[in-house]
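The values are calculated or read from the model by the stated rules, or taken from the named source; none is laboratory data. Bear in mind that the values here come from a model prediction, so they are computed numbers and not experimental data. Virtual Cβ from ideal backbone geometry, glycine too; neighbours counted across all protein chains shown.
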Amino acid sequence: MSRPWRVMVIGSVDSGKTTLLGVLSDKAVRTVKTESIDFCGDFVDTPGEFLDIPLHYNSLISTSSKASVVLLLVDPTRNCPPPPTFSSVICAPIVGVVTKSDLASSEQIERAKKSLRRSGVRESCVISSVTGEGLEFLKSTMERYRPTSYEDGKLKQEVSSE
Ligand SMILES: Nc1nc2c(ncn2[C@@H]2O[C@H](COP(=O)(O)OP(=O)(O)OP(=O)(O)O)[C@@H](O)[C@H]2O)c(=O)[nH]1
Ligand SMILES: [Mg+2]
């Protein structure tokens with residue numbers, strides 16, 4: 001059976017991971033610093049240090065094997081590109097997310113998109129968790145990775161147990 005639906009976020013410190021998960025799950029979150037890998041319902045939050053400090057890469061890589069899709073976040077207002085070719089070690093499909101579009105210039109957004117491409121990401125969305133810009137497009141992009149075979153499996157189980 002394929003993995004259950006689970007969305008994992010990876011990105012540098014303060015790139016907006018916890019805030020985005022709050023918006024995607026319709027929960028008001030207090031944006032306190034994420035201290036450890038946090039499995040919460042359909043979502044997996046990670047601390048920014050796990051991308052910023054190579055010592056932690058193995059934790060991200062092994063956790064990604066439990067995700068249906070990984071969102072790789074980049075804050076365009078900072079020059080913090082993800083490591084080149086990083087996506088090749090992640091064990092799930094990756095969608096790039098340029099965050100904080102409400103604060104960034106178009107040049108900064110282009111630079112962030114380029115850094116995502118350099119890390120091997122093929123598709124990316126530009127969003128703001130504050131204004132809501134781009135969130136519907138991000139949701140529909142993520143949905144493409146929902147494991148329908150898992151849902152079919154569950155359906156079959158439900159039918160056979162009736
Ligand atoms: N203007 C604006 N601010 C944002 C946006 N997303 C997040 N922020 C702010 O950016 C700061 C960091 O957000 P977090 O969601 O805590 O960032 P994080 O990536 O989870 O950070 P760590 O847990 O430290 O790795 C907070 O002050 C948020 O309110 C956005 O889209 N626009
Ligand atoms: Mg966080």
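Of the residues making up segment 85-115, those that are more than 16 Å from Val130 (Cβ to Cβ), in contact with a strand residue (DSSP E or B) (Cβ under 8 Å, 6 or more places away or on another chain) and either assigned to a helix (DSSP H, G or I) or of a type in the set (Phe, Trp, Tyr) (or both) are Phe86, Ser87, Ala112, Lys113, Ser115. Before we move on, is Ser87 modelled with pLDDT under 95, surrounded by 18 or more Cβ atoms within 10 Å (Cβ to Cβ) and of a type in the set (Ser, Thr, Tyr)? Here the answer is yes, as Ser87 does meet what is asked.
Scan segment 66-83 for residues that are more than 19 Å from Ala104 (Cβ to Cβ) and either in contact with a Lys or Arg (Cβ under 7 Å, 6 or more places away or on another chain) or modelled with pLDDT under 95 (or both) and the total you get is 4. Being within 12 Å of ligand 2 (Cβ to nearest atom), of a type in the set (A, V, I, L, M) and within 14 Å of Val7 (Cβ to Cβ) is the filter here, so list the residues in segment 19-75 that pass it. Listed by number, the residues that qualify are Leu20, Leu21, Ile37, Val44, Leu73. Against the list (1) surrounded by 14 or more Cβ atoms within 10 Å (Cβ to Cβ); (2) closer than 24 Å to Trp5 by Cα; (3) modelled with pLDDT of 95 or more; (4) of a type outside the set (D, E, K, R), the condition Gln108 fails is (2).
Among the candidates Pro4, Pro82, Pro47, which residue alone is in contact (Cβ under 8 Å) with a residue 12 or more places away in the chain, more than 10 Å from ligand 1 (Cβ to nearest atom), crowded, with 18+ Cβ neighbours inside 10 Å and assigned to a loop (DSSP other than H, G, I, E, B)?
Working: Pro4 fails: crowded, with 18+ Cβ neighbours inside 10 Å; Pro47 fails: more than 10 Å from ligand 1 (Cβ to nearest atom).
Only one candidate passes the filter, namely Pro82.
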